[in-house]
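*Asks:* Here you go, one structure.
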Protein chains: 6
Amino acid sequence: MFKHDKALLHEVKVDGPNIMYASMMQEQLGGPHGELKAAMQYLSQSLRIKDPEIKDLFLDIASEELSHMEMVATTVNLLNGHVLDAKDATVGTIQAHVSTGLTPGLTSASGQYWTAAYIEETGDLAADILSNIAAEQRAKVVYQYLYRQITDKGVRETIDFLLNREEAHNTMFREAFNRLQDTGSLKDWGITKDSKLYFNLSTPGDQFFNANNPQPPSFNSPNTTGTKM
Amino acid sequence: MFKHDKALLHEVKVDGPNIMYASMMQEQLGGPHGELKAAMQYLSQSLRIKDPEIKDLFLDIASEELSHMEMVATTVNLLNGHVLDAKDATVGTIQAHVSTGLTPGLTSASGQYWTAAYIEETGDLAADILSNIAAEQRAKVVYQYLYRQITDKGVRETIDFLLNREEAHNTMFREAFNRLQDTGSLKDWGITKDSKLYFNLSTPGDQFFNANNPQPPSFNSPNTTGTKM
Amino acid sequence: MFKHDKALLHEVKVDGPNIMYASMMQEQLGGPHGELKAAMQYLSQSLRIKDPEIKDLFLDIASEELSHMEMVATTVNLLNGHVLDAKDATVGTIQAHVSTGLTPGLTSASGQYWTAAYIEETGDLAADILSNIAAEQRAKVVYQYLYRQITDKGVRETIDFLLNREEAHNTMFREAFNRLQDTGSLKDWGITKDSKLYFNLSTPGDQFFNANNPQPPSFNSPNTTGTKM
Amino acid sequence: MFKHDKALLHEVKVDGPNIMYASMMQEQLGGPHGELKAAMQYLSQSLRIKDPEIKDLFLDIASEELSHMEMVATTVNLLNGHVLDAKDATVGTIQAHVSTGLTPGLTSASGQYWTAAYIEETGDLAADILSNIAAEQRAKVVYQYLYRQITDKGVRETIDFLLNREEAHNTMFREAFNRLQDTGSLKDWGITKDSKLYFNLSTPGDQFFNANNPQPPSFNSPNTTGTKM
Amino acid sequence: MFKHDKALLHEVKVDGPNIMYASMMQEQLGGPHGELKAAMQYLSQSLRIKDPEIKDLFLDIASEELSHMEMVATTVNLLNGHVLDAKDATVGTIQAHVSTGLTPGLTSASGQYWTAAYIEETGDLAADILSNIAAEQRAKVVYQYLYRQITDKGVRETIDFLLNREEAHNTMFREAFNRLQDTGSLKDWGITKDSKLYFNLSTPGDQFFNANNPQPPSFNSPNTTGTKM
Amino acid sequence: MFKHDKALLHEVKVDGPNIMYASMMQEQLGGPHGELKAAMQYLSQSLRIKDPEIKDLFLDIASEELSHMEMVATTVNLLNGHVLDAKDATVGTIQAHVSTGLTPGLTSASGQYWTAAYIEETGDLAADILSNIAAEQRAKVVYQYLYRQITDKGVRETIDFLLNREEAHNTMFREAFNRLQDTGSLKDWGITKDSKLYFNLSTPGDQFFNANNPQPPSFNSPNTTGTKM
């Protein structure tokens, strides 16, 4: 069951309306690496997780991403301002001016509708957590790009908060991953000769990597010095 | 420049036509974790890579994934057989019988058209390689699912080959990742308090993970005992 | 902010796994009239609502629809069972067997990815509430279709609950609509002659309706005899 | 059978070419609340309607919406002018300059291809008419937004005509709806306790609406004083 | 302006309901080579055609394709029958049973929503007519596939009619094409050495074709012996 | 099997970064008439071709189109420059600035993701080659539009090369088509009276074309004076 608290997870504000910034922030509302994608991905994946602690982690983060989505949507809403003016809406926000009355839609910076094709889900916990670690890293990168191009102080504070939260999620997903040793798709890794081959198909360009000693992925543990709360 | 050799990267065969198996194998031709997606993702990402050895790795694997795609497409083509019979085409292959004359299309097992929305690309090497490691893991999982449900020996040999190749790619992408230390999105990790918080938003369910000591991702090195070829 | 309670809004159960029923119930998880659509539509619309009571109504119902989505997803998950068997997955669930490891995806009964193109949003309160009333009616109809074709008692109980909830939402949205008289898009209705014309463009077939006395929509008030709680 | 008359339903003209206005008007050609959507929705729904008078109404309006679509397309075509100049095509019309030779495409203001996912269709007459009433209201809202932002007199006259026609359709659909009492999805409304509950899931925020006395939707009759023509 | 005549262009009938045949016929209702695609393509292209005779041809055929679409939709509607039974709806029609109440939707045989991405439009008359000739040929092929797999006599008569009409359109589009000599994209063909090269990129496999004497496309005139009506 | 040569098929260069030109060139990278579409279409179609010479032609051209795609992608990459600046990214490239770090994505000029819905494939050789001839003509048209609007000399040279290559492909596809006489969908053309009718459905506008003497398509042979190499 989901409950909604009208307080935002973290207060947002903007220096003032700015259509271009609104377009840019749309990327993290309805884009491929945005908050809706993250929320729906973790929620979907959680349905079949058996380990109760990892399941709880997925649901904690899914709920937080929904709350992030609300923060980003509220930010876009503020940036959209109160004046219909499509002629200055040069990119993904033109529909805000001709179609949604300045209310944010679930679209990316280029105006594309959010699609569940963005979601990565396999039912294999190792694959799903690796997908989530990668997703958090991508989300961080997008927030870095946005931070560099947006000078509005209020928006920057929100981006800074969200970017750091993606790092936290990334860290915790890795912690969860390292519990999975030798289960699911991590089992039976590299047992045939085919898993050790290198096909040098792009030339010129020698072979600079190898898979001589294939082992399943595992992360260096970032939290060994940390204390379980 | 791409050149085509009419020999397949690895020979494929099937015991006989099987519409259901054809549908299932479509998933790795035109599905979200399939070979076309992998090829296009690595090729796109490679365009802006500066490190020549990593760029070469991406292009070697992209070319191999294109060659995998050709193997999977050839397999589907054989499984489609020579008889138009939509009434037995219970899932993703009905269009093979009413529209493409048994030629495989770029669709998933449920018949959905391939979309570039499947591609993960950020221009940040750390994020891109993490995306690729996750993508290879997902591809392995799908091949495992297919292997368990397909009893055709020829198809199984092809799946076995492809599955092991995804492991090899995974291993080599991790090797590449570990070269990136402290660059791009791996820099400045966990420097504000927000990156150390835990929001316990799903209850009941305590906090079983933490981010007290956040550090960027790095993999245990699987190849330390290996020899550079 | 969204918080998650691991208790479902209303308990779900199934008599047993049933792949076909799973496919059918997917329609209300990721289909055009399903619960994700409803949740995202009301949440998006709520962002710019000024009347605090109507805004609260939208957020109450959005949260409930998210909770419904969780109920439907949990039901599909149970119906998917524990056996990968694509050959019996004749419709929208084949990807559950080859790609998501039996975890429900955000797709419709025919396997199509959920898209934000399903969402109706205009920023005009009258248009948005009319859209919501229609959406609730469609959701009821789909649940009626599902109820007639599914004999699993557990699933039927869930459908019955959800169907009745859509009726409740419909009733309350109408109550909210009737507060809007003569505001937004309801203003200035039928003031030119063009709003009173009838173009009889399909023949044979006379004109059986007219717009001689055009007035904006308003509902008969269903709750006049009810008591505000 | 459809027949085409080269005369437009209502003459259109523009003061002069204007790329931005062209982009904006695209919204009602190929956008989610546009004329193609309306035409295809009513035409699709009409196929299974048994009441001949209501079926005739749907087909009259479907034909008119096709004719509206032609008016909007002709308007966009005029606004596109005769000069390829992508650098001034700041939004949804860039493809007109690089791909369609200034011919309008079936896309929205942000350039997205029209999709049948926009269509609402249930086979239940009550739900379908409610969907249509909401669709007409949304179309009116979009035309209002366009009218406020477009100063071209010719375009404004066209918008004014189309906006008033949506009102007429809305009025007539409501008239049709009120004939349906107690049929289809309007039957058996509110007969379990679940249809009377209120879940107060967003807080703070009390309960301001109720469903104590649930009854199916019905509209106040706007045409009682009108005369059947 | 479009007008609708309730008589079909050509009467349709079916021997009896058949869910599988309904799925298959959907391909020509909402699929990539179907009637809606043809109608919308020719209508869109016609907007900027200057030659009044060719423009008239495009609009005649566009109107006919709309009328074909109505024939196909009516056929699917009859084939859908009157019984909701998703468990026998093994492919593209499951949504007819759970969502549209047996009314045909604008989807393909695999249930995918129609998309304007199917439309080919360039604003260049030579390219557009070549696209149309190819489209008519594809439509014929699909009807041939359907004819071979459907034994219902009524449906076969309809297919036979439609297939022959695509041939007629194809013939007339070629006649129109041959009027275009040396205009638009047909001008300045093969004037640089690059237009005469052959890159032999797939090996083994020699070069069996050449472009030594490049000339723009023109068709052998099929109608020289015919009489203008 | 595909092999990659790091040398481009034909060198590309740009006078300097230009975001608008980058957007425009995206059309031929990930748009409906672009290089990826061509490569995937011919590759898919080739799978079931029996004539070894025609199959070789398809694979030669498919490989060349992949190599063209690489040229276009490299050009866009150069045009994207090195400065993140979404505010000047007025069209399809905003995501390059907020999401892909200036790396080209597989999208069109308006930022839409590439979709396999662009691909035309029927398994009938006559229909497929006609589709390809039309596709090459459309690609030429788009390059002509781009050439007229882009003044960058380096880009123009690349466009000139690619445009001429599409002409060469067009010429060779026609040569292949003319080998197909009376096979596949070219057989049994115009044998019923329905293939000779004209429906004059758009009025006013007489009948200016006819199908009195229907014959399947065949091209005037452009290469009769050429010498097979």
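*Asks:* Just give me the residues in the stretch D:1-21 being more than 7 Å from every other protein chain (Cβ to nearest Cβ), touching a residue at least 60 places away in the same chain (Cβ under 8 Å) and not β-branched (V, I, T), in sequence order.
*Replies:* Within the stretch D:1-21, the first condition is being more than 7 Å from every other protein chain (Cβ to nearest Cβ), and the residues that meet it are D:10-19, D:21.
With the extra rule that they be touching a residue at least 60 places away in the same chain (Cβ under 8 Å), the set shrinks to D:10, D:12-19, D:21.
Of everything in the stretch D:1-21, those that are more than 7 Å from every other protein chain (Cβ to nearest Cβ), touching a residue at least 60 places away in the same chain (Cβ under 8 Å) and not β-branched (V, I, T) turn out to be D:H10, D:K13, D:D15, D:G16, D:P17, D:N18, D:Y21.
*Asks:* On to the next question. Quick test of your reading of the structure: B:G123 fulfils all but one of (1) open to solvent by 10 Å² or more (accessible area, probe 1.4 Å); (2) more than 7 Å from every other protein chain (Cβ to nearest Cβ); (3) small (G, A, S). Name the failing condition by number.
*Replies:* Evaluating B:G123 over (1) open to solvent by 10 Å² or more (accessible area, probe 1.4 Å); (2) more than 7 Å from every other protein chain (Cβ to nearest Cβ); (3) small (G, A, S) leaves (2) as the failure.
*Asks:* Taking the criterion of being within 30 Å of B:N178 (Cβ to Cβ) and polar (S, T, N, Q), would at least one residue in the stretch B:133-155 satisfy it?
*Replies:* yes
*Asks:* Right, another one. Restricting the search to the stretch A:156-172, which residues are open to solvent by less than 10 Å² (accessible area, probe 1.4 Å) and more than 7 Å from chain B (Cβ to nearest Cβ)?
*Replies:* Result: A:T158, A:I159, A:L162, A:E166, A:H169.
*Asks:* It is to be established whether one or more residues within the stretch A:131-146 are in contact with a Phe, Trp or Tyr (Cβ under 9 Å, 6 or more places away or on another chain), more than 30 Å from A:K13 (Cβ to Cβ) and more than 8 Å from chain B (Cβ to nearest Cβ).
*Replies:* no
*Asks:* Could you tell me whether E:Q112 is more than 30 Å from D:L84 (Cβ to Cβ), more than 14 Å from chain D (Cβ to nearest Cβ) and open to solvent by 10 Å² or more (accessible area, probe 1.4 Å)?
*Replies:* Criteria not met by E:Q112.
*Asks:* Then there's this: Quick one: is E:T90 out of contact with any Phe, Trp or Tyr (no Cβ under 9 Å at 6 or more places or on another chain), farther than 24 Å from E:G184 by Cβ, outside any helix (DSSP H, G or I) and at pLDDT 95 or above?
*Replies:* no
*Asks:* Just need a number here: residues in the stretch E:4-27 that are under 20 Å from the mean Cα position of the chain (by Cα) and assigned to a helix (DSSP H, G or I).
*Replies:* 7
*Asks:* Considering only residues that are under 28 Å from the mean Cα position of the chain (by Cα) and closer than 30 Å to F:L9 by Cα, which ones fall in the stretch E:176-188? Show your work before the answer.
*Replies:* Of the stretch E:176-188, the ones under 28 Å from the mean Cα position of the chain (by Cα) are E:176-187.
Answer for the stretch E:176-188, where residues must be under 28 Å from the mean Cα position of the chain (by Cα) and closer than 30 Å to F:L9 by Cα: E:G184, E:S185, E:L186, E:K187.
*Asks:* Now for a different question. Evaluate the stretch F:28-39: report whether one residue or more is closer than 30 Å to A:M25 by Cβ, more than 14 Å from chain E (Cβ to nearest Cβ) and assigned to a helix (DSSP H, G or I).
*Replies:* Within the stretch F:28-39, one or more residues are closer than 30 Å to A:M25 by Cβ, more than 14 Å from chain E (Cβ to nearest Cβ) and assigned to a helix (DSSP H, G or I).
*Asks:* If I ask for residues that are in a helix (DSSP H, G or I) and more than 7 Å from chain B (Cβ to nearest Cβ), which ones from the stretch A:173-184 would you list?
*Replies:* Those that are in a helix (DSSP H, G or I) and more than 7 Å from chain B (Cβ to nearest Cβ): A:F173, A:F177, A:G184.
*Asks:* Looking at (1) closer than 28 Å to B:S63 by Cα; (2) not in a loop (DSSP other than H, G, I, E, B), find the lone condition where A:K140 falls short.
*Replies:* Single failed check for A:K140: (1).
*Asks:* Hey, among the residues in the stretch A:111-137 that are charged (D, E, K, R) and in a helix (DSSP H, G or I), which one's farthest from the chain's Cα centre (by Cα)?
*Replies:* A:D128
*Asks:* May I ask you to say which residue of F:R174, F:R156, F:R138 is in contact (Cβ under 8 Å) with a residue 24 or more places away in the chain and farther than 14 Å from E:Q215 by Cα?
*Replies:* Going through F:R174, F:R156, F:R138 in turn, the sole match is F:R138.
*Asks:* Are there any pairs, at least 6 apart or on different chains, whose C-beta atoms fall under 9 Å, with the first in the stretch F:180-196 and touching a residue at least 60 places away in the same chain (Cβ under 8 Å) and the second of a type in the set (G, A, S) and part of a helix (DSSP H, G or I), and if so, which?
*Replies:* What qualifies is F:G184/F:A126; F:G184/F:A127; F:S185/F:A126; F:S185/F:A127; F:L186/F:A126.
*Asks:* Which condition number in (1) open to solvent by 10 Å² or more (accessible area, probe 1.4 Å); (2) under 25 Å from F:T107 (Cβ atoms) is the one that A:R48 fails?
*Replies:* Only one criterion is unmet by A:R48, namely (2).
*Asks:* Buried (at least 24 other Cβ atoms within 10 Å of the Cβ), among the β-branched types (V, I, T) and more than 9 Å from chain B (Cβ to nearest Cβ): does that describe F:T100?
*Replies:* No: the conditions fail for F:T100.
*Asks:* Can you pull out the residues in the stretch C:109-118 that are modelled with pLDDT of 95 or more and out of contact with any strand residue (DSSP E or B) (no Cβ under 8 Å at 6 or more places or on another chain)?
*Replies:* C:Y118 - this is the single residue of the stretch C:109-118 that is modelled with pLDDT of 95 or more and out of contact with any strand residue (DSSP E or B) (no Cβ under 8 Å at 6 or more places or on another chain).
*Asks:* Another question, if that's okay. Go through the stretch E:60-94 and report how many residues are open to solvent by less than 20 Å² (accessible area, probe 1.4 Å) and farther than 21 Å from E:E11 by Cα.
*Replies:* Within the stretch E:60-94, residues that are open to solvent by less than 20 Å² (accessible area, probe 1.4 Å) and farther than 21 Å from E:E11 by Cα number 6.
*Asks:* Within the stretch E:21-58, restricting attention to residues that are polar (S, T, N, Q) and touching a helix residue (DSSP H, G or I) at 6+ places or on another chain (Cβ under 7 Å), which residue is farthest from B:L84 (Cα to Cα)?
*Replies:* Ranking the qualifying residues of the stretch E:21-58, first place goes to E:S46.
*Asks:* Please specify each residue of the stretch F:56-89 satisfying the condition of being within 8 Å of another protein chain (Cβ to nearest Cβ), in contact (Cβ under 8 Å) with a residue 24 or more places away in the chain and touching a Lys or Arg at 6+ places or on another chain (Cβ under 8 Å).
*Replies:* F:S63, F:E64, F:N77
*Asks:* Now, a different point. For the stretch C:185-202, name all the residues that are assigned to a helix (DSSP H, G or I) and surrounded by 16 or more Cβ atoms within 10 Å (Cβ to Cβ). Step through it out loud before you land on a result.
*Replies:* Kept after step one, since they are assigned to a helix (DSSP H, G or I), are these residues of the stretch C:185-202: C:185-186, C:193-196.
C:S185, C:L186, C:D194, C:S195, C:K196 - these are the residues of the stretch C:185-202 that are assigned to a helix (DSSP H, G or I) and surrounded by 16 or more Cβ atoms within 10 Å (Cβ to Cβ).
The values are calculated or read from the model by the stated rules, or taken from the named source; none is laboratory data. Values in this document were obtained by computation on a predicted structure and should not be read as measured data. All Cβ positions, even for glycine, are placed from backbone atoms using ideal geometry, and neighbour counts span all protein chains on display. Heads up: the accessible areas ignore ligands, DNA and RNA and are worked out on the full protein's heavy atoms, side chains in. Shrake-Rupley method; radii C 1.70, N 1.55, O 1.52, S 1.80 Å.
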